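Bear in mind that the values in this text are calculations on the coordinates, not laboratory data. Not measured: the values here are computed from a predicted model. All Cβ positions, glycine included, derive from the backbone under ideal geometry; neighbour counts span all protein chains shown.
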């Protein structure tokens, strides 16, 4: 024990009195101040780079500004212009398509996870190979699929047999978006699968056995006993899939850049295009698009936070 | 165990399962197999439309050499490392501190700050784009690795804090209390107790953030313009434009870009999955 040591019996220098007082002030306040000292660097960076920009963007959406010359305050006119913008509606609709179709990643991921939740030789390697597409950059996935869809590329020979020679899905304004979504969902399925594999790994064996004793089998066992236990995994899978679907920027940028004729635009890409690409530097208009995207997302974030808050309150 | 272990099923099921698994794996990986096959082909195969047959030449190494010689691929890769490694170190170090502060001290703003970090983490990038680009310009850091790293560290702090805080929260609080009674200062509690105990979380976060940042494309496009600072994702995209028909080189480039995260994943698989599935098994 500390007090038992020899220190008190040594010759104590005169300054002890002062250091003692200092440390006692620190000791009194240490508990109160320490968290703020630890929070300072992270909080500062986060406020400067994440929180403040949100409000700044909302403000910029009320301006007419090319990023260089002085900005002019124009009130809500950017938003009013949005209401008449055909490309805005196309992008919004495409976001909706992304969202709905992306949700398929959740049941497909669950199916794959159930399929692979066995212990046969080499299953660990097989599971990680299934997970592979998620590790690779979306840019690479986009390149792979563009080349895949190229009529003179991989599926060309197969399309020829179907009588669709030279058909390029990415050049077809009616179907190009689906082509991109298909590519985008590929890594997302892998993510959902891994979430469910973890969930399946942590199932309560007793409950399952009890259920089986009671004669629950197949679908009814799955519905009544397995699925409720997988709820945390499902929740997380839905959360990451919704976020993934709204962050569709990379795929669109690589595969079509919004074309043909803007038919594959999504809000994320359209915003970038209006604000930063050769189509012009309309910061205010771009911010208005971003604000719409943000508002949609905000509902979702609040729902998530609310759920986390509930479980935190339970935990405290 | 769900579903019923295949070993307890009739023989016919067992056999068909063992056939079905590799077949489905093959189908699942067709896009990746395709790109690998393409990367070993020569121009002859590509123009002749031989995409799925046996490659007439094995040119993987010469294609890779071509990519390195005729494009700035090497500098892209170096830039990717220059961006990724400092971001990992920065974000993990900072979030160890924020995570500790939020996990083991009670103060009024605690939950509010915690939820701010979480909420910020889900925000769509586009709402940050213009102000962040502007800020980076004003600091004279536009088109530099430093500017991109600073933003990445700041943004990743959100996710990392959530992760670290939950991990530290699950550690037994008595440990800290005992140390406090012994007169250990708060800083020493952090350095001597918390940091060593969070090593698994630090490992998991490091691999995850490495992969996220390595694969980032959006911010590299927004904050970087020139080759001198461009990471491999943005570099590949610019090559994609130039090489519409030279798929064998593009494929080789893509494979080069995919190697580091793939190696990282295989080396640290357990940590990677533990990090990614945080919360998937408990409410």
Report the normalised scattering of the range A:103-221 as log10 I(q)/I(0) at q = 0.17 Å⁻¹, calculated by the Debye formula with identical scatterers on the alpha carbons. -0.93
Label-reachable residues, the range B:112-140, where backbone N falls under 12 Å from a point 7 Å from residue A:299's Cα toward its Cβ: none
Between A:252, A:266, A:139, find the one with the highest GNM mean-square fluctuation for chain A; connect C-alpha pairs within less than 10 Å. A:139
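Quick one: which of B:107-116, B:142-151 comes out on top by average Cβ neighbours within 10 Å, and what's the full order, highest first?
Per-residue mean Cβ counts within 10 Å order the peptides as B:142-151, B:107-116.
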Between residue B:139 and residue B:19, what's the calculated FRET efficiency when r is the beta-carbon distance and R0 is 45 Å? Round to 0.05. 0.15
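Return a whole-number percent for the relative contact order of the range B:168-283, with Cα pairs under 8 Å and 6 or more residues apart as the contact set.
Working: 52 pairs, mean separation 37.3, N = 116.
Result for the range B:168-283 is 32 percent.
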Could you give the nm distance between label points at residue B:74 and residue A:182, where each point is 7 Å from its Cα heading toward the beta carbon? 4.0
Please work out, to two decimal places, the log10 of the ratio I(q)/I(0) at q = 0.28 Å⁻¹ from a Debye calculation in which every Cα of the range B:117-159 carries one identical scatterer. -1.02
With just the Cα atoms defining each centre, how far is the range A:118-184 from the range A:22-47? Give it in Å. 51
How big is the range A:42-118 in terms of Cα radius of gyration and Dmax, in angstroms? 20.6, 64
When only alpha-carbon atoms are used, what values of Rg and Dmax, in angstrom, describe the protein assembly as shown? 26.8, 99
Tell me the angle of helix A:86-102 to the major Cα principal axis of chain A, expressed in degrees between 0 and 90 and rounded to the nearest ten. 70
Percent RCO, i.e. relative contact order, over the range B:72-276, from Cα pairs under 8 Å lying at least 6 residues apart: 35
Relative to the first principal axis of the alpha-carbon coordinates of chain B, what is the inclination of helix B:30-39, with its axis defined by its Cα atoms, in degrees from 0 to 90 and to the nearest 10? 60
Residue A:27 to residue B:12: FRET efficiency via 1/(1 + (r/R0)^6), r the Cβ-Cβ distance, R0 60 Å, to the nearest 0.05? 0.25
In whole Å, how far is the Cα centre of the range B:8-52 from that of the range B:87-165? 41
Using alpha-carbon coordinates, inclination of helix A:267-276 to the longest axis of chain A, degrees: 80
Label-point separation in nm, residue A:235 to residue A:89, each point 7 Å along Cα→Cβ: 3.9
With each run of n ≥ 4 DSSP H residues scored as -39500 (n - 2.57), what mean residue ellipticity at 222 nm is computed for chain B after dividing by its residue count and rounding to the nearest 500 deg cm²/dmol? -23000 deg cm²/dmol
From other protein chains only, count the Cβ atoms within 10 Å of every residue's Cβ in B:178-184, then give the mean. 1
Give the separation of the Cα centroids, the range A:259-296 to the range A:208-238, in Å. 43
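Starting with the highest mean, order B:124-134, A:211-221 by the number of other Cβ atoms within 10 Å, averaged over the residues of each peptide.
Working: B:124-134: 24.1, A:211-221: 12.4.
Averaged packing, sorted descending, gives the order B:124-134, A:211-221.
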If I take R0 = 25 Å and measure r between the Cβ atoms of residue A:207 and residue A:119 in this structure, what FRET efficiency does the formula 1/(1 + (r/R0)^6) give, to the nearest 0.05? 0.80
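Report D for chain B in µm² per second (integer): Stokes-Einstein, Kirkwood Rh on Cα pairs, 10 °C, 1.306 mPa s.
The estimated diffusion coefficient comes to 71 µm²/s.
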Under a 10 Å cutoff between Cα atoms, tell me which one of B:212, B:100, B:58 has the largest fluctuation in the Gaussian network model of chain B. B:58
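Stokes-Einstein diffusion coefficient for the range B:1-115 at 10 °C in a medium of 1.306 mPa s, Rh from the Kirkwood formula over Cα pairs: what value in µm²/s? Please report the intermediate quantities before stating the final value.
Values: Rh = 20.5 Å.
Taking Rh from Cα pairs, D becomes 78 µm²/s.
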Quick one: go through the range A:117-143 and flag any residue whose amide nitrogen is under 12 Å from the point 7 Å out along the Cα-to-Cβ line of residue B:1. A:117-121
Using a Gaussian network model of chain B with C-alpha springs under 10 Å, which one of B:104, B:16, B:56 is most mobile by mean-square fluctuation? B:16
Give the span of chain A's Cα atoms along each principal axis, as three whole-Å numbers ordered largest to smallest. 98, 74, 34
